[in-house]
1. Which of the numbered conditions does residue 56 fail, given that it passes all the others? Conditions: (1) surrounded by 13 or more Cβ atoms within 10 Å (Cβ to Cβ); (2) on the phi > 0 side of the Ramachandran plot.
2. Are any residues in region 1-38 in contact with a helix residue (DSSP H, G or I) (Cβ under 9 Å, 6 or more places away or on another chain), exposed (fewer than 13 other Cβ atoms within 10 Å of the Cβ) and either within 20 Å of residue 66 (Cβ to Cβ) or of a type in the set (A, V, I, L, M) (or both), and if so, which ones?
3. Taking region 39-81 as the region of interest, how many residues are out of contact with any helix residue (DSSP H, G or I) (no Cβ under 6 Å at 6 or more places or on another chain), more than 30 Å from residue 17 (Cβ to Cβ) and among the aliphatic types (A, V, I, L, M)?
4. Which residue pairs have Cβ atoms under 6 Å apart, sit 6 or more places apart or on different chains, and have a first residue in region 1-28 that is without any contact (Cβ under 8 Å) to a residue 60 or more places away in the chain and a second that is in a helix (DSSP H, G or I) and among the basic types (Lys, Arg)?
5. May I ask you to list the residues in region 29-43 that are within 13 Å of residue 79 (Cβ to Cβ), of a type outside the set (Ser, Thr, Tyr) and touching a residue at least 24 places away in the same chain (Cβ under 8 Å)?
Amino acid sequence: MPITASAKKALRQSWRRRMRNLARKEAYKHTAKKLKKLIAAGKKEEAAALIPPLYKTLDKAAKTHAIKKNKASRLKSRLTKLLNRTPKT
């Protein structure tokens, strides 16, 4: 446990930041999971409607340094490619 006041404050700050980062990571993971389920079910139109919210959550996570910029870009690319490969039904 921290002893000095500055160490206690640093612990509080790091805990808050960790919670914020985890919330942002969970947000994009949840959206990506929903997108993959819709693609697997063959619901391409509904999956396409999820692309803008997915991009938004990934960009927000990258902007706030919860994830790296290239990871966000890579995930956007792969999920969009996955959507485009599926046949339209």
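1. Going through (1) surrounded by 13 or more Cβ atoms within 10 Å (Cβ to Cβ); (2) on the phi > 0 side of the Ramachandran plot one by one, residue 56 breaks only (2).
2. Correct list: 1, 30.
3. Selection size over region 39-81: 4.
4. 2/8
5. The answer is 32, 35, 36, 39.
Here, each number is a calculation from the coordinates, and none is a lab measurement. Just so you know, these numbers come straight off a predicted model, no measurement behind them. For neighbour counting, all protein chains shown are included, and Cβ atoms are generated from backbone atoms with ideal geometry for every residue, glycine included.
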